[in-house]
Amino acid sequence: MFPATVQEATGGPELDGGVAVTRKSIDPASVKVPRYASGKLVPVPGGARPTATRGRLMRYRVLVEKGLPLDGTEFARTSVRVLNDPRSWAHGGAYRFEWVTKGPVDFELILASPRLTDLQCRQGYLDTDGLYSCRVRDHVVINAMRWAQGAEAYQGRLAEYRIYVINHEVGHRLGHKHEGCPGPGRLAPVMMQQTKGVGECRPNPWPYP
């Protein structure tokens, strides 16, 4: 079992207990993500059909840790847009991604505090040090600190970093392994650990740019 409690979402524009699902965007620079939150995961209400028209259907649920000062709906909607983009894993009609709230799923996409990320990732013997994200079995865990602040290689380009971290961790769920920089000045592969740096490569958030 994963070390988190899953609570049912309530109706209305906000999730029960303080996971912000607001209509207004939040300035990332103003967001202070705590190292610890509640430890309880709440499903994000909503859902979205895939925008890709062909390929293997991958259904996934989105969960956000209760108490994070982040927009859960924005996180979920961003994931749908990213994963169904032809530059992502939907490229060439390989996959379609559907965000669902009921029924069986192929994976869960989780936004968690650094502490809960560490606990989740440790189930797969992965040490994330409060700094990184991971995938363990059918759980794709995004570190909320990174979601809010990005990484050095993407300084000033938070939206692109968010695209990268979704593509990278979901890529692991699809069976892709880490890659290195192919050469000076070239685009970094999306499966390179770009959160740790890109070396002589250039940052790249897409599998098929």
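At a glance:
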{"quantity": "Neighbour net charge for residue 50 - beta-carbon separation under 10 angstrom, K R +1, D E -1", "calculated": "+3"}
{"quantity": "Cα gyration tensor, the range 5-180 - rounded (a/c under 1.5), prolate or oblate", "calculated": "rounded"}
{"quantity": "Label-point separation, residue 149 to residue 122 (7 Å along Cα→Cβ), nm", "calculated": "2.1 nm"}
{"quantity": "Value of relative contact order over the range 81-157, rounded to a whole percent, pairs C-alpha under 8 Å and six or more apart", "calculated": "23 percent"}
{"quantity": "Spin-label pair residue 202/residue 35, simplified geometry with 7 Å Cα→Cβ offset, distance in nm", "calculated": "3.8 nm"}
{"quantity": "For the chain, calculated [θ]222 nm from helices alone, where every DSSP H run of n ≥ 4 adds -39500 (n - 2.57)", "calculated": "-6000 deg cm²/dmol"}
{"quantity": "Inter-site label distance for residue 57 and residue 179 at 7 Å from Cα along Cβ, in nm", "calculated": "2.9 nm"}
{"quantity": "Antiparallel %, DSSP beta bridges [both residues in the chain], to 5", "calculated": "30 percent"}
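Since every read-out is calculated from the coordinates, none of them should be taken as a lab result. Please read all numbers here as calculations on a predicted model, not as lab measurements. Here the Cβ is made from the backbone with ideal geometry for all residues, glycine too, and neighbour counts use every protein chain on show.
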